[in-house]
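Here's the structure we're looking at; comments come further down.
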Amino acid sequence: MASEPIGERIMAIGNALEHVARFMAESPYSKLAGDPTMSDFTLGNPQEMPLPGFVAALEKWSVPQNKKWFAYKNNEPASQAVAAASLRERRGLPFHDEDILLTNGAFAAIAVSLCALIDPGDEVIFISPPWFFYEALIATYAGRAVRVMADRESFDLDIDAIAGAITAKTRAIIVNSPNNPSGKIYPASTLTQLADLLTAASKRNGRTIYLLSDEAYSRIIFDGRDYPSPVAFYPESLLLYTYAKTLLTPGQRIGYIALSPTMTNRETLRQSLFLAQLVTGFAFPNALLQHALPDIENLSIDIPHLQHKRDLVVGALREMGYSLHTPEGTFYLMVRSPWEDDVAFVNLLASHKILCLPGTVVETPGYFRISLTASDDMIERALPNFAAALQEASAAIG
Ligand code: PMP
């Protein structure tokens with residue numbers, strides 16, 4: 001009997017995730033990620049023991065203080081207050097406690113926002129290179145994903161291209177700064193232009209275009225730079241955050257959606273988001289993480305040390321002859337592949353005991369991505385091997 005497709009929507013999701021699925025199933029990473037002799041630069045996953053403060057917080061707060069300790073938890077006021085106070089201090093904007101919708105990570109924050117905002121056929125713009133799951137999540141909520149390329153030289157937003165992609169059906173745009181995978185922080189001048197564009201287009205359409213500001217890496221900033229949050233520029237913004245990057249604990253799921261304090265329709269949207277949290281599979285953080293939030297809100301991985309790793313790797317790779325940008329934030333470096341076929345070069349790197357992500361998986365063929373969450377030891381072992389792989393690749397070209 002011929003196999004029948006299960007459904008159109010899941011097929012669209014599958015198409016959007018094709019490169020990711022293939023990488024997870026067939027790459028050297030899928031076979032060798034656990035091998036202790038490999039230097040693993042593939043994902044933003046920890047390669048060292050967790051922060052002791054994080055472990056202590058989970059231990060402390062796992063002891064129940066009342067009968068409801070592990071009861072259903074949703075947007076718990078105490079957790080909302082902790083997150084809002086931190087945002088007010090960090091951003092200098094008057095975020096309201098009740099405008100924090102707690103989610104199990106930025107993943108869920110994106111899903112919940114899309115679920116609440118879009119109707120079937122609405123268009124959602126996302127920027128390429130993107131985070132792996134934007135397109136698939138838009139498809140999940142029956143939206144139409146509209147891809148707009150970032151400027152390929154600077155990796156900044158291309159405002160003219162965004163303007164060209166907006167139609168009467170545009171409901172939202174997803175912007176990610178600091179950007180995974182490019183490490184770019186969008187400057188205030190770009191964000192001002194974006195806000196002007198969205199304001200004018202919303203007015204023309206007679207319908208608000210929302211800005212989903214994916215700020216997963218907003219606390220991973222180098223060189224003492226300012227971080228201009230897109231939310232500070234455009235009132236109709238939802239700030240999406242996860243603690244997983246700052247703490248390097250992506251398997252412990254906590255994050256939030258914060259509504260801009262200047263948004264016109266905060267009350268209604270807040271209620272819609274709550275409904276969306278429920279039907280997106282109860283997308284709230286677990287009770288334990290909500291209890292522990294006061295103790296973990298201000299913890300962070302060692303950012304100066306991460307910056308040191310960035311400087312070491314960027315400097316060494318450039319000296320070897322690789323071409324790459326210096327990231328302004330995030331864990332990631334995008335490096336030009338010496339071969340046009342980045343998947344083939346990533347396979348070659350694997351034969352030199354190095355695991356990286358091919359650019360093709362994040363819509364950037366001809367590049368590969370390095371995650372600086374690799375340990376010092378992995379980096380030290382890998383550097384001579386990066387040089388050897390480049391030599392081998394150059395010899396093969398010549
Ligand atoms: N957005 C971006 C840009 C990311 O890189 C990630 C994680 N890789 C997420 C969202 C999702 O974060 P989390 O898994 O913590 O929910």
*asked:* Given axes a ≥ b ≥ c from the Cα gyration tensor, I'd like to know whether the stretch 1-132 is rounded (a/c under 1.5), prolate (a/b larger than b/c) or oblate.
replied: oblate
_Solvent-accessible surface ranking, highest first, for Val314, Val63 at 1.4 angstrom_ = Val63, Val314
*Lys and Arg at +1, Asp and Glu at -1: add these up for the other residues within a Cβ distance under 10 Å of Leu114 and post the number.*
0
*Mind checking the alpha-carbon convex hull of the stretch 61-179 and giving the volume per residue in Å³?*
156 Å³
*Between beta-carbons, use under 13 Å as the cut-off and find the net charge around Asn75, counting Lys and Arg +1, Asp and Glu -1.*
-2
*On a 0 to 90 degree scale, rounded to 10, what angle separates helix 266-279 from the longest Cα axis of the chain?*
60 degrees
*Using a 1.4 Å probe on the protein chains only, how many percent of the accessible area of the chain belongs to carbon and sulfur?*
55 percent
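From the Cα gyration tensor of the stretch 342-398, with a ≥ b ≥ c the square roots of its eigenvalues, which class applies: rounded if a/c is under 1.5, or else prolate if a/b is larger than b/c, or else oblate?
oblate
Ignoring ligands, DNA and RNA, how do Asp35, Asp311 rank by accessible area with a 1.4 Å probe, largest first?
Sorted descending by solvent-accessible area, the residues read Asp311, Asp35.
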*Per the Kirkwood treatment, what hydrodynamic radius in Å, one decimal, follows for the chain from the mean inverse distance over all distinct Cα pairs?*
22.1 Å
*Quick one: which residues, 5+ away or cross-chain, put their amide H under 5 Å from the amide H of Met149? H built at 1.01 Å from N.*
Ser128
_Highest-MSF residue in the chain out of Leu357, Leu312, Leu43 [GNM, Cα springs under 10 Å]_ = Leu312
*Using only the Cα atoms of the stretch 127-214, build the gyration tensor, take square roots of its eigenvalues as a ≥ b ≥ c, and label the shape rounded, prolate or oblate: rounded if a/c is under 1.5, else prolate if a/b is larger than b/c, else oblate.*
oblate
*Taking 7 Å along the Cα-to-C-beta vector as the label spot, tell me the Asp151-Arg88 distance in nanometres, rounded to one decimal.*
3.7 nm
*Check the chain and count each lysine pair with an alpha-carbon distance under 18 angstrom, considering only pairs eight or more places apart or from different chains.*
6
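The values are calculated or read from the model by the stated rules, or taken from the named source; none is laboratory data. Fair warning: this is a prediction, and the values are worked out from it, not measured in the lab. Neighbour counts run over all protein chains shown; Cβ positions are idealised from the backbone, glycine included. Note: areas computed on protein heavy atoms with side chains; ligands, DNA, RNA excluded. Shrake-Rupley method; radii C 1.70, N 1.55, O 1.52, S 1.80 Å.
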